[in-house]
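Just so you know, all these numbers are worked out from the coordinates, no wet-lab data involved. Keep in mind that what you see is a predicted model, and the values were worked out from it rather than measured. Ideal geometry is used to build each Cβ from the backbone, glycine not excepted, and the neighbour counts take in all protein chains shown.
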Amino acid sequence: MFGVRGRTGELAWYRTGEDAAEVVFLHGFSDSAHCWGPLINAMPGLRALAIDARGHGESGLPQEPIRYDGHRDDAALVLSSQPREGGVVVVGHSMGAMAAAHLAASRPDLVRAVVLEDPPTGAPPADPRSWSEPQWLAELRALDLPQRIARGRADNPAWPDDELEPWAVSKAQVDPRLFDLPFQEAPPLTDLLAAITCPVLLIHGDTDRGSLIATTYAAHCTQAAAGDFQAEHITNAGHSVRRDNRPQYVAALTAFLDRNG
């Protein structure tokens, strides 16, 4: 999967080969770069780069408020250290999708297209607020790896088997000091889309299964987007769309890369 691994500052990243990546992956909260491995393996020949977000995986944790534009700057730092002519396609999930949207809005020199997998809808920026470790994460972190894998299988029986171990490993890698730092809300997703001029693919699932994006909100996104915008509703999927329905997700991503890769 990842043949090259490196660090830029305190950020750990992983690349499939020596050539510059064409697609960059930004993971969601409590995941890691390796959680993208099963998807990348399902798309042979993809030149990919995945980055561990601050406080996740093997990356460090700056002592500053947690902000999506901080994640954006981290991704920009890594991409600037290994630039690709014409930019890259950035794929982000949840927290990583918001970072990808911020990156596409502010650094069009680095991003030529962006894929947003079930991002949060955002809220008007407010003063940084305190937050705490979610109970579900605390419970998972208290288990050993086989127990976490078993919990993942019980809670997500439709996930492919290869998704479970990287998901379970990533939970123990979350830096608990993350929850000592204040958290800054993101601006509304529609505001970010109004500032993005490159092609955008929004992938979302069913809200009754936990997707953050409803079809009505996706329609608002279509109206707000400044550039070429496509919303793809994938059925039988919740927040982790690619894990819940990999075949349809791969088909949607492949078609988008064929047009914009």
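Report the normalised scattering of the chain as log10 I(q)/I(0) at q = 0.08, 0.15 Å⁻¹, calculated by the Debye formula with identical scatterers on the alpha carbons. Those come out to -0.28, -1.10, one per q. Contact order, relative form, for segment 4-260: 19 percent (alpha carbon pairs under 8 Å, 6 or more residues apart, mean separation divided by residue count).
Sorting 184-196, 138-150 by their mean Cβ neighbour count within 10 Å, with the most densely packed peptide first, gives 184-196, 138-150. In the chain, the DSSP beta bridges split such that about 25 percent are antiparallel, to the nearest 5. Each stretch of four or more DSSP H residues adds -39500 (n - 2.57); spread over every residue of the chain, this sum gives -10000 deg cm²/dmol at 222 nm. Packing, taken as the mean count of other beta carbons within 10 Å per residue, orders the peptides 111-120, 160-169, 58-67 from highest to lowest as 111-120, 160-169, 58-67. Taking the convex hull of the alpha carbon positions in segment 145-194 and averaging its projected area over all directions gives 5.7 nm².
Using the Cα gyration tensor of segment 165-249, with a ≥ b ≥ c the square roots of its eigenvalues, what is the shape: rounded (a/c below 1.5), prolate (a/b larger than b/c) or oblate (neither)?
Working: a/c = 2.20, a/b = 1.29, b/c = 1.71.
Oblate shape, in that a/c is at least 1.5 and b/c is the bigger or equal ratio.
Which of rounded, prolate, oblate describes segment 1-63, given a ≥ b ≥ c as roots of the alpha-carbon gyration tensor eigenvalues and a/c under 1.5 marking rounded, otherwise prolate only if a/b is larger than b/c? The shape class here is oblate. Does segment 19-151 come out rounded, prolate or oblate by the C-alpha gyration tensor, with a ≥ b ≥ c the root eigenvalues, rounded set by a/c under 1.5 and, if not, prolate when a/b is larger than b/c and oblate if not? Verdict is oblate for segment 19-151.
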